[in-house]
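Step one of this worksheet: look at the structure below.
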Amino acid sequence: MTVADARPDGELAYLRAVLAASAVAAELLTAMDDAAERLAPDRSTGLATAIAARFAAPLAAATEVLAAAPAPAALAPFDRVFTAALAHARECAALFGGVPSAPPSERLPRILTALHHHARAQERLYPIRSLLPPFRDYWSPDVPPAPDAAPPSANPARRTALTRVSAGGHHGGFAVYVPEAYDERRPWPLVVALHGGSGNGRDFLWTWVRDAKRAGHLLVAPTAGGATWGAIDELGLLEILAWMRGRYHVAEDRILLTGLSDGGTFTLVYGLAHPDVFRALAPCCGVLHPANVANGNLERARGVPIYLVHGAEDFLFPVALARRTRETLAAAGARLVYREIPDLSHAYPRRENPAILAWFAALPAST
């Protein structure tokens, strides 16, 4: 008889229900990863229809089976986390799948809220991923510490993978991911990821966790103090970096600033203003803000490594703006890589993260 066979029937029924529900949830989150990158005005309805057809019934059935198999008392803490994650997954599928039948004015808010639930489902599932076979490799396998790694810190907060900090000073709060293999004896590269307009760092963090984990990079995703980024957030960003330095061994010459849409725009504004802080910049789907001319940023752009990403199908910031940005930055002497993705609209291309990090890693040490 196996250990599993020796479990009470009620516990076995609950565990089987959890396994089945987690398999459906993992498929949904993977499908939404793909849909989020392919979003565009002419594709959203088709993507939403496909999600609804594929997941509405399986998620409902999995939830019903789970409800019929109550968790044993000993598993109540796990059950609270898992059922909350499943609720976010169901809400994600329901909101996104309902886009085709929603009035045109409600479609974009439904998509954005669905992506919010997609991120919150990941946030709930990540701490319990090792208990759920379908999720063990969803964010990349855990990398074990090096054989000579330092023992765990006496301060548990420094060993927590996910941390959230409330608004304060000049920032709107921020979310942090620290790879499980973190060893404070060596410096770690840091990715600073800025969300798009009306977004938040807590959700945007999940566009980078998988790749930060695989590459062994610290990750911080700030939240703007207002609806989008502005002048005050420049001070907030420096405060956040000071907080990170005070708690983690940050590689001072390996800080990458990146962002989407407004976050991409202000990646250039903040990054060019502080070339001594940020080793490189990777703006995505943004524009060259006029402030870069007025504040002398273009004069500071010479020699700055910039990986500029834009979608050829961007409906909000047409690609002609990105090409003009490329020409302006190149004329200013920036060390520019320009990536124009043919099928990308105004969405974050997670598929580009590995290439960005490979480019970043290949940069020589700053002098």
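The values are calculated or read from the model by the stated rules, or taken from the named source; none is laboratory data. These numbers were taken from a predicted model, which means no experiment stands behind them. All Cβ positions, even for glycine, are placed from backbone atoms using ideal geometry, and neighbour counts span all protein chains on display.
From the list ALA150, ALA154, ALA119, which residue is at pLDDT 95 or above and among the small types (Gly, Ala, Ser)? Sole residue among the options that is at pLDDT 95 or above and among the small types (Gly, Ala, Ser): ALA119. Of all the criteria given as (1) among the basic types (Lys, Arg); (2) assigned to a loop (DSSP other than H, G, I, E, B); (3) under 24 Å from TRP208 (Cα atoms), the one not satisfied by ARG351 is (2). Checking ALA52, ALA20, ALA13 one by one, the residue that is under 30 Å from GLU352 (Cα atoms), modelled with pLDDT of 95 or more and assigned by TED's automatic domain parsing to the domain that holds ALA102 is ALA52 and no other. Inspect all residues belonging to region 212-229 and state whether any of them is among the aliphatic types (A, V, I, L, M) and more than 28 Å from ALA35 (Cα to Cα). Scanning region 212-229, I find no residue that is among the aliphatic types (A, V, I, L, M) and more than 28 Å from ALA35 (Cα to Cα), so the answer is no. Among the conditions (1) surrounded by fewer than 16 Cβ atoms within 10 Å (Cβ to Cβ); (2) over 28 Å from PHE317 (Cα atoms), the only one that PRO103 does not satisfy is (2). Residue count for region 330-344 under the criterion of being surrounded by 15 or more Cβ atoms within 10 Å (Cβ to Cβ) and closer than 14 Å to ASP34 by Cβ: the result is 1.
With a requirement of 1 or more residues that are among the hydroxyl-bearing types (Ser, Thr, Tyr) and in contact with a Pro (Cβ under 6 Å, 6 or more places away or on another chain), the helices (runs of 4 or more DSSP H) lying completely within region 38-126 that satisfy it span 44-67.
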